[in-house]
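Scroll down for the structure; my scribbles are underneath it.
The values are calculated or read from the model by the stated rules, or taken from the named source; none is laboratory data. This one's a predicted model, so the numbers in the text were calculated from it and none came from an experiment. With ideal geometry, Cβ positions are generated from the backbone for all residues, glycine too; neighbour counts draw on all protein chains shown. Just so you know, the surface numbers come from the protein's heavy atoms only, side chains and all, with ligands and any DNA or RNA stripped out. Shrake-Rupley method; radii C 1.70, N 1.55, O 1.52, S 1.80 Å.
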Amino acid sequence: MRNSDIGVFSLADQNRPVPGCTISGQILPGVQCFSLAGGTDISAESYPVPVLVYVLQGNVTLFDADREKETAASAGDILLKPAGRNIGVRAADDSVYLEIAPGKENHMNQIIKEGEIFRLKDLVPYQEGKIVNMDIASNGSMKFVVMAFDEGTGLSEHAAPGDALVFALDGNAVIGYEGKEYPISAGQQFRFAKGGLHSVKAEGRFKMALLLVLEA
């Protein structure tokens, strides 16, 4: 991810698939972005740690070579690739997804179970007058959180202890960053730099995911 990406942008637009190709690249420590053209695949491989797969665009199938099982996922879905299992990814159409590897000493929320598909925005409910927060995965260097803001709620200005990505999942909000305001809508992302002063104000009900990297 480029240093110029401070502000609202789209990872899917920045990482458009190239016909007949698969593309991968690190966007933050422990976070890889994959772009697969329709009909291409990533060969089955295993990792020493569990990996979260978050689909940003398109439709993919994860195939478990060890258990001869397939799991289909589409934009907005998140699922867990277990450690030590040979799993590949096949794209039905042009697709973009993230692989988030919290590391060996991670704490994974028990709601995220192997082989199950979740809609990321559906993991937390709205509650009247409140902000609902759920940690999906965390360790000493990374935190992945989902939040639901009721209308009129928000986060007051504060500084991020590391580089961070916000994923707008549902509704609209205004993000304040270093004295400027940035409207954001579902499907868009926003990057914070470490130490950047920012705030979040929901316009109506709003859900977002926050990926915070505490160590570069």
Among (1) 16.4; (2) 11.2; (3) 18.1, the entry derived from the coordinates for mean projected area of the Cα convex hull in nm²: (2)
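For the stretch 115-200, report the translational diffusion coefficient in µm²/s to the nearest whole number, using Stokes-Einstein at 25 °C, 0.890 mPa s, and a Kirkwood Rh over Cα pairs.
Details: Rh = 13.9 Å.
Once the numbers are plugged in, D ends up at 176 µm²/s.
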Proximal lysines relative to LYS113, as straight alpha-carbon distance under 25 Å, when same-chain residues fewer than 8 apart are discounted: LYS69, LYS81, LYS104, LYS121, LYS143, LYS207
From phi via Karplus (6.51, -1.76, 1.60), per-residue ³J(HN,Hα) for the stretch 40-46 in Hz, x at Gly/Pro: 9, 8, 9, 4, 4, 8, 10
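Counting only protein chains, not ligands or nucleic acids, how are ASP13, ASP93 ordered by accessible area (probe 1.4 Å), most first? Spell out each step's value before the answer.
On the way: ASP13 85, ASP93 60 Å².
The ranking, largest first, comes out as ASP13, ASP93.
Using a cut-off of 12 Å between beta-carbons, work out the net charge of the residues near GLU128 (Lys and Arg +1, Asp and Glu -1, GLU128 not included). Could the numbers behind the result be given before it?
Values: positive: LYS130, ARG205; negative: ASP150, GLU151.
Combined, the nearby Lys, Arg, Asp and Glu give 0.
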Whole-Hz couplings from phi, Karplus 6.51/-1.76/1.60, listed for the stretch 78-92; x for Gly and Pro: 9, 8, 10, 8, x, 5, x, 10, 7, 10, x, 10, 10, 9, 6
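For the full complex of protein chains and a 1.4 angstrom probe, list LEU56, LEU120 by accessible area with the highest value first. Kindly include the intermediate steps, with their values, before the conclusion.
Numbers: LEU56 35, LEU120 0 Å².
Largest to smallest exposure gives the sequence LEU56, LEU120.
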Three semi-axes of the equivalent ellipsoid, the stretch 42-102, Cα gyration tensor, whole Å, largest first: 18, 14, 9
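Among 111-118, 142-149, how do they line up by average Cβ neighbours within 10 Å per residue, starting with the highest? Please list the in-between numbers first.
Details: 111-118: 13.6, 142-149: 22.6.
Result, highest mean Cβ count within 10 Å first: 142-149, 111-118.
Among ARG191, ARG67, ARG205, what's the order by accessible area (1.4 angstrom probe), most exposed first? Please report the intermediate quantities before stating the final value.
Values: ARG191 20, ARG67 150, ARG205 115 Å².
If we order ARG191, ARG67, ARG205 from most to least accessible, we get ARG67, ARG205, ARG191.
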Charged-residue dipole, Cβ positions (Lys, Arg, Asp, Glu), the stretch 125-216 about Cα centre, Debye nearest 20: 120 debye
Heavy atoms of TYR126 accessible to a 1.4 Å probe, total area in Å² rounded to 10: 50 Å²
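In percent, what relative contact order does the chain have, based on Cα pairs under 8 Å that are 6 or more apart in sequence?
Working: 614 pairs, mean separation 41.3, N = 216.
Value for the chain: 19 percent.
Given the alpha-carbon gyration tensor of the stretch 78-148, what are the semi-axes of its equivalent ellipsoid in whole angstrom, ordered largest first, with each equal to the square root of 5 times an eigenvalue?
Details: eigenvalues 115, 60, 24 Å².
Over the Cα atoms of the stretch 78-148, the ellipsoid semi-axes are 24, 17, 11 Å.
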The chain - accessible surface per residue (Å², probe 1.4 Å): 46 Å²
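Share of the chain's accessible area from carbon and sulfur, percent, 1.4 Å? Display every interim value, and only then the final one.
Working: 4530 of 9980 Å².
Answer for the chain: carbon and sulfur cover 45 percent of the accessible area.
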With all protein chains modelled, accessible area of SER185 [1.4 Å, Å²]: 40 Å²
Euclidean distance between Cα centres, the stretch 147-216 to the stretch 69-137, Å: 20 Å
Nearest-10 value in Å² for the accessible area of LYS81, using the 1.4 Å probe: 10 Å²
